[in-house]
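Chemist: Can you keep this structure in mind? I'll have questions shortly.
The values are calculated or read from the model by the stated rules, or taken from the named source; none is laboratory data. Because the structure is predicted, anything quoted here is derived from the model rather than measured. Virtual Cβ from ideal backbone geometry, glycine too; neighbours counted across all protein chains shown. In case anyone asks, the SASA skips ligands and DNA or RNA and just uses the protein heavy atoms, side chains included. Shrake-Rupley method; radii C 1.70, N 1.55, O 1.52, S 1.80 Å.
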Amino acid sequence: MNIGLLGFGTVGKGVYDITATHPDLQVTRVLCRRDLTLPDAQVTHDFYDILNDESIDTVVEVLGGLHPAWDYVKAAILAGKNVVTANKALVNHFYDELIPLVEQSGVKFRCTAAVGGGIGWLTELERVKRIDTLSKVGGIMNGTCNYILDNMTTKGLDYGVALKQAQELGYAEADPSADVDGPDTWNKTIISANIAFDVSLDKTSVPVCGIRNISAVDVAEFTKRGYVCKMIGTAEKGEHGISAYVQPTLVPNGEPAAAVPMNYNLISMVGSNSGPRSLFGQGAGRYPTAYNVVQDCVDVLNGVGFYASYGQPVAANNDVALSYYVRGASDAWLEGNVSESWGEGVLTKPVAVAEMHAWLKQHPDAFIAAVN
Ligand code: HSE
């Protein structure tokens, strides 16, 4: 396989290093903004050097972001090249154009590192579906949020200090709001649901809220009551359709999710025969992420394509009702739904997920966490 590598940042360098140990995979050209000399590949600033190189059969995109990544991926597919990417924002945002395009063009497309970095979550979903039907997927999918929440819980760090550490350790996205406000978990939850349930979820119907407003008083209250706050994406297929949402969630101490440390991920599924099962590991970082990008290259070499057929567009109905911890704002609706007082906040009676998220949009300084 001759690879054109788009990007030579954290993951790109990892892909270059790992492929160097695999005789069937040659990175022959690298697109990089910096001036760089590599022993085994030509470095270019011009994507067209890769697109027009007929000896390159596979493009690996690890630039991140929507543009120009999507323009390059689309051009590569239209030129008949296979594509491997780690870019969850791109896959989720352009899913309705990307997957039909891949199917029509006959090229192979893989994106295992887009969800759960080094874990291999999407390939496991693909395997499970050969035997089982899936009823639930989701979990802890953002290392930065988990690092912040874990350090607030176990070390008593302030939110800002923990975020700064996560950035320094290289876990956070270039713009950390993609982590702490939830879009990263949201992208990963929707991609997982699309593949698990063979659908294309209407993204506008999947609510998301993040951890930006959490404070030490919240964490102290949760600890006192035997809960740990985690950032969790959920997609569940029930009698009436699919419910999907992303939100801070209170997990009882003693459950596996409550014990997930540092920047680790724990992603879970429920299969018809296999039952509940979780995959734990590094959701980010150079070599774990690059490992799954290179695994995808090996799969493409073996003729393996996407994990699911393009599925029926469907809206998440979010008819699930949950109790929420709420602090930082109040109004008549909230007062009418309070079941008890929790320190500086309150606990609601079960309320519809969509209704709680709509309320939060009107009260952007509040912090909410669902009770699992
Ligand atoms: N910023 C992401 C995280 C990287 O913290 O998990 C992997 O998507």
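Chemist: Considering only region 274-300, how many residues are more than 30 Å from Thr19 (Cβ to Cβ) and open to solvent by 70 Å² or more (accessible area, probe 1.4 Å)?
Modeler: Matching residues across region 274-300 total 2.
Chemist: From Thr37, Thr10, Thr21, which residue is among the polar types (S, T, N, Q), within 22 Å of Leu301 (Cα to Cα) and open to solvent by 10 Å² or more (accessible area, probe 1.4 Å)? Break it down stepwise before answering.
Modeler: Details: Thr37 fails: within 22 Å of Leu301 (Cα to Cα); Thr10 fails: within 22 Å of Leu301 (Cα to Cα).
Of the residues listed, the single one that is among the polar types (S, T, N, Q), within 22 Å of Leu301 (Cα to Cα) and open to solvent by 10 Å² or more (accessible area, probe 1.4 Å) is Thr21.
Chemist: Write out, first by first residue and then by second, each pair whose Cβ atoms fall under 9 Å of each other, whose residues are 6+ apart or on separate chains, and whose first residue, in region 65-90, is on the phi > 0 side of the Ramachandran plot while the second is within 16 Å of the ligand (Cβ to nearest atom) and outside any helix (DSSP H, G or I).
Modeler: From region 65-90, the pairs are Gly65/Asn87; Gly65/Ala174.
Chemist: So, Asp175, is that one open to solvent by 20 Å² or more (accessible area, probe 1.4 Å) and at pLDDT below 95 or not?
Modeler: Values: open to solvent by 20 Å² or more (accessible area, probe 1.4 Å): yes; at pLDDT below 95: yes.
Yes: the conditions hold for Asp175.
Chemist: Which of the residues spanning region 138-185 are aliphatic (A, V, I, L, M), more than 12 Å from the ligand (Cβ to nearest atom) and assigned to a loop (DSSP other than H, G, I, E, B)?
Modeler: The answer is Leu157, and nothing else.
Chemist: Follow-up. I need a count of the residues in region 276-308 that are over 18 Å from Ile3 (Cα atoms) and not in a helix (DSSP H, G or I).
Modeler: Final tally of qualifying residues: 13.
Chemist: Please specify each residue of region 187-202 satisfying the condition of being touching a helix residue (DSSP H, G or I) at 6+ places or on another chain (Cβ under 8 Å) and either within 12 Å of the ligand (Cβ to nearest atom) or open to solvent by 50 Å² or more (accessible area, probe 1.4 Å) (or both).
Modeler: Step one: list which residues in region 187-202 are touching a helix residue (DSSP H, G or I) at 6+ places or on another chain (Cβ under 8 Å), which gives 187-188, 190-192, 194-196, 199-201.
Hits for region 187-202 are Asn187, Lys188, Ile191.
Chemist: Being more than 30 Å from Val84 (Cβ to Cβ) and open to solvent by less than 70 Å² (accessible area, probe 1.4 Å) narrows it down to one residue among Gly271, Gly311, Gly343, Gly303; which is it?
Modeler: Working: Gly271 fails: more than 30 Å from Val84 (Cβ to Cβ); Gly311 fails: more than 30 Å from Val84 (Cβ to Cβ); Gly303 fails: more than 30 Å from Val84 (Cβ to Cβ).
The match here is Gly343.
Chemist: Another question about this same structure. For region 10-42, which residues satisfy the criterion of being more than 29 Å from the chain's Cα centre (by Cα) and without any contact (Cβ under 8 Å) to a residue 24 or more places away in the chain? Write out each step before concluding.
Modeler: Applying the first criterion (more than 29 Å from the chain's Cα centre (by Cα)) to region 10-42 yields 23-24, 28, 35-42.
Scanning region 10-42 gives Pro23, Asp35, Thr37, Leu38, Pro39, Asp40, Gln42.
Okay, residues lined up against (1) open to solvent by 20 Å² or more (accessible area, probe 1.4 Å); (2) among the charged types (D, E, K, R):
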{"position": "Arg212", "(1), (2)": "yes, yes"}
{"position": "Arg225", "(1), (2)": "yes, yes"}
{"position": "Gln247", "(1), (2)": "no, no"}
{"position": "Met262", "(1), (2)": "yes, no"}
{"position": "Ile267", "(1), (2)": "no, no"}
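Chemist: Let me ask you something else. Is it fair to say Trp342 is hydrophobic (A, V, I, L, M, F, W, C) and more than 24 Å from Ser243 (Cβ to Cβ)?
Modeler: Answer is yes for this residue.
Chemist: Sticking with this one: I'd like to check which helices (runs of 4 or more DSSP H) are fully inside region 49-117 and have at least 3 residues that are of a type in the set (D, E, K, R) and open to solvent by 10 Å² or more (accessible area, probe 1.4 Å).
Modeler: Numbers: elements: 69-78, 88-93, 95-105.
Passing ranges, in order: 95-105.
Chemist: Oh, and also: Out of region 155-170, which residues are in contact (Cβ under 8 Å) with a residue 24 or more places away in the chain and open to solvent by 10 Å² or more (accessible area, probe 1.4 Å)? Break it down into steps so the answer makes sense when it comes.
Modeler: Kept after step one, since they are in contact (Cβ under 8 Å) with a residue 24 or more places away in the chain, are these residues of region 155-170: 156, 158-159, 166, 169-170.
Gly156, Asp158, Tyr159, Leu169, Gly170 - these are the residues of region 155-170 that are in contact (Cβ under 8 Å) with a residue 24 or more places away in the chain and open to solvent by 10 Å² or more (accessible area, probe 1.4 Å).
Chemist: What are the pairs with Cβ atoms under 6 angstrom where one residue, in region 126-137, is hydroxyl-bearing (Ser, Thr, Tyr) and the other, located anywhere, is not in a loop (DSSP other than H, G, I, E, B)? Sequence gap at least six, or different chains.
Modeler: Going by the 6 Å Cβ cut-off, the qualifying pairs are Ser135/Lys237; Ser135/Val270.
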